[in-house]
1. Antiparallel DSSP bridges in the chain: what percent, to the nearest 5?
2. Quick check: residue separation of D54 and T67 times 0.36 nm, minus the Cα distance between them. What number comes out in nm?
3. With all protein chains present, how much of the accessible area of the chain (probe radius 1.4 Å) comes from carbon and sulfur, to the nearest whole percent?
4. Based on the mean of other Cβ atoms within 10 Å per residue, sort peptides 96-107, 17-28, 45-56 so the most packed one is first.
5. Keeping every protein chain present and rolling a 1.4 Å probe, give me the accessible area per residue for segment 131-175 in Å².
6. If you roll a 1.4 Å probe over the heavy atoms of the protein chains, what accessible area per residue do you get for segment 71-112, in Å²?
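The values are calculated or read from the model by the stated rules, or taken from the named source; none is laboratory data. Computed from a predicted model, the values in this text were never measured in an experiment. Cβ placement follows ideal geometry from the backbone for every residue including glycine, while neighbour counts extend to all protein chains displayed. Accessible surface areas use protein heavy atoms only, side chains included; no ligands, DNA or RNA. Shrake-Rupley method; radii C 1.70, N 1.55, O 1.52, S 1.80 Å.
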Amino acid sequence: PQILALRQTPGFVWALTSAGIVRYDKNLETWTSYLAGAEFPSARVHQLTLHGDDLWLGTDAGLWHFTAETGIWRRHESADEMPGERVLAFALAADRIWVVTEAAFAVWEIDAARWVDFSGKTPRGDAAGIAILDHPDLELVGLYVYSEAKVGRDAGEIARREPIGVVATDQIEEI
């Protein structure tokens, strides 16, 4: 299989491959495979990040969390009050996962184990971009839009701010 991404913690090396995810345990010197469709969905993985030894995946089928201590995968989805299903992007800041889905912008508070939906915090539909621009720990590096009128425009201008050099697109591959 083709290796698409690597992440490392003090205890593990994680590899996202075309066939699934593999984890190398540095202490035990063993490999564990998590095949797409068995432990987690065969849906497209857009992004992965680490929180300690735990792994987080943003996919077309929700936000997935692997707890290294228990070896259990958990899916966060609309049934769990996550706004939307398809995770377009996410960022880890302290003990929060900031998530942009096809439907909204929200935060998973890891310690409190709850979702906070920020979509209704602004009168405009650009809540996700505005919230990221306003957050000191986050940097907006791409903006996916559904409106053809916004394609090619600067994200700062869309949010009625100064230009920031991030051009909006309706092609997920460009982000």
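1. Values: 49 of 52 bridges.
Within the chain, antiparallel bridges account for around 95 percent of the total.
2. On the way: separation 13, 0.36 × 13 = 4.68 nm, distance 0.49 nm.
Contour length minus Cα-Cα distance gives 4.2 nm.
3. Ligands and nucleic acids excluded, carbon and sulfur reach 49 percent.
4. Highest mean packing first, the order is 96-107, 45-56, 17-28.
5. Working: 2970 Å² over 45 residues.
Ligands and nucleic acids excluded, the figure is 66 Å² per residue.
6. 43
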